[in-house]
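Chemist: Here you go, one structure.
The values are calculated or read from the model by the stated rules, or taken from the named source; none is laboratory data. Computed from a predicted model, the values in this text were never measured in an experiment. Every residue, glycine among them, receives a Cβ derived from its backbone with ideal geometry; neighbour counts consider all protein chains shown. Keep in mind that these areas ignore ligands, DNA and RNA; they rest on the heavy atoms of the full protein, side chains included. Shrake-Rupley method; radii C 1.70, N 1.55, O 1.52, S 1.80 Å.
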Amino acid sequence: MSLTIDDVRHVANLARLALDADQLERLRDQLGRILEYAEQVSEVATDDVPPTSHPYPLRNVWRADEPRPSLDPDAARATGPAIEDGRFRVPRIIEEDA
């Protein structure tokens, strides 16, 4: 596809790019080649390929949510520096306005 300098200037303006004459000419050639490749891709025979959003079937990879034994709460609290009312005691970082 052949682009004009005005086409490239318009795209550059949309992208908020300030380009000089040399850059416009270089990008005209590069964008033209990109559009030619896009045309080639559109020529691929896809009549027998159904439209999809993914090339492979999707499946849930998460395990089933089933209850199972876990860390004992007393063992977890034993690793903390201070316990108060069955919970970890931490320094207050928010002052209360009462």
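Chemist: What distance in nm lies between label points placed 7 Å from Cα along the C-beta direction at Asp72 and Glu43?
Modeler: 7.3
Chemist: So, one more: May I ask you to give the percent of accessible area on segment 1-44 that is carbon plus sulfur, with a probe radius of 1.4 Å?
Modeler: Reported share for carbon and sulfur atoms: 54 percent.
Chemist: Another one. Would you please give the FRET efficiency between Leu35 and Val61, computed as 1/(1 + (r/R0)^6) with r the Cβ-Cβ distance and R0 = 35 Å, to the nearest 0.05?
Modeler: For R0 = 35 Å, the calculated efficiency reads 0.35.
Chemist: Then there's this: Looking at the square roots a ≥ b ≥ c of the eigenvalues of the Cα gyration tensor of the chain, which shape do they give, rounded for a/c under 1.5, prolate if a/b is larger than b/c, or oblate?
Modeler: Oblate.
Chemist: With just the Cα atoms defining each centre, how far is segment 21-53 from segment 55-98? Give it in Å.
Modeler: 51
Chemist: I've got another one for you. Within 10 Å, count the other beta carbons around each residue, average over each peptide in 83-96, 5-18, and list them highest first.
Modeler: 5-18, 83-96
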